[in-house]
Amino acid sequence: MAAPREHSRRSFVYRRLEAAGAVFGVVAGSAIAESFPGESERIARVGLADLSPLPRAGFKGPAALATLADAGLAIPESNNRAAWQKGGALIARLADTEALILSGLAGQMPDGLDAVAAAGCYRVPRRDSHAWFAVAGPAANDCLAKLCGVDLRPRAFTAGAVAQCGFAGISAIVIRDDALAAYHLLADSASAGYLWDCLIDAMAEYGGGPVGRACLVKDSNR
């Protein structure tokens with residue numbers, strides 16, 4: 001079993017994960033919570049997974065989207081939409097000048113991303129600046145509705161939809177990922193502990209709680 005303190009990169013909330021009984025593994029060179037006691041019952045209702053140790057990246061600038069497209073990446077046609085890439089990564093178009101890239105669950109990022117460079121295209125360290133959680137399960141919508149004023153129900157928030165909004169009193173990015181049957185939540189890393197606690201509290205009435213990465217992998221197309 002991996003131990004978070006043995007790795008230079010670990011979750012922003014790893015102490016909370018340890019206290020909840022997490023079993024850690026190593027993905028993309030980082031310690032990540034793979035499973036928790038009792039998670040099979042939780043995911044049948046609503047589960048919260050910490051994906052913060054997985055790779056992600058951001059690109060900004062007037063030439064950012066065109067540069068990523070030239071590198072062979074599939075860019076959504078409009079803002080606040082996400083597109084899936086070969087290998088399992090996801091790209092969210094946040095603005096005409098900004099994109100967020102999340103790895104697949106196995107930590108795979110698009111090929112050639114490290115070589116992306118051009119005038120007007122600047123890399124943003126999203127792996128350091130933003131925590132990354134995923135909420136999955138039948139009660140996910142009801143749970144998130146407690147903390148977010150955006151209507152995240154499937155009829156209003158379709159597959160690949162992105163919301164940049166207030167969430168539990170802080171700014172967050174919400175992405176509906178039907179390939180994973182989950183909602184991605186990204187927020188300032190300094191607020192990671194606060195957001196984790198808010199989500200755990202919100203899902204308590206549904207019998208939900210923390211689940212590991214491996215729990216999501218079982219039902220994922222990625």
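The values are calculated or read from the model by the stated rules, or taken from the named source; none is laboratory data. Keep in mind that this is a model prediction, so the values were computed, not measured. Glycine gets a Cβ as well: all are built from the backbone with ideal geometry, and neighbour counts include every protein chain shown.
Quick notes
- Of the criteria (1) at pLDDT below 95; (2) closer than 15 Å to ALA134 by Cβ, which one ASP70 fails: (2)
- Given (1) out of contact with any helix residue (DSSP H, G or I) (no Cβ under 7 Å at 6 or more places or on another chain); (2) among the small types (Gly, Ala, Ser); (3) crowded, with 16+ Cβ neighbours inside 10 Å, number of the condition ALA204 does not satisfy: (3)
- Residue tally, condition among the polar types (S, T, N, Q) and at pLDDT below 95, over the range 73-87: 1
- Selection status of ALA31, in contact with a Phe, Trp or Tyr (Cβ under 9 Å, 6 or more places away or on another chain) and either within 25 Å of ALA139 (Cβ to Cβ) or in contact (Cβ under 8 Å) with a residue 40 or more places away in the chain (or both): no
- Residue within the range 83-104 that is more than 21 Å from ARG176 (Cβ to Cβ), under 20 Å from the mean Cα position of the chain (by Cα) and either of a type in the set (Phe, Trp, Tyr) or surrounded by 15 or more Cβ atoms within 10 Å (Cβ to Cβ) (or both) present: no
- All positions within the range 203-222 that are in a helix (DSSP H, G or I) and under 29 Å from ASN79 (Cα atoms): ARG213, LEU216, VAL217
- In the range 112-154, residue surrounded by the fewest Cβ atoms within 10 Å (Cβ to Cβ) [restricted to those that are within 19 Å of GLY169 (Cβ to Cβ) and small (Gly, Ala, Ser)]: GLY149
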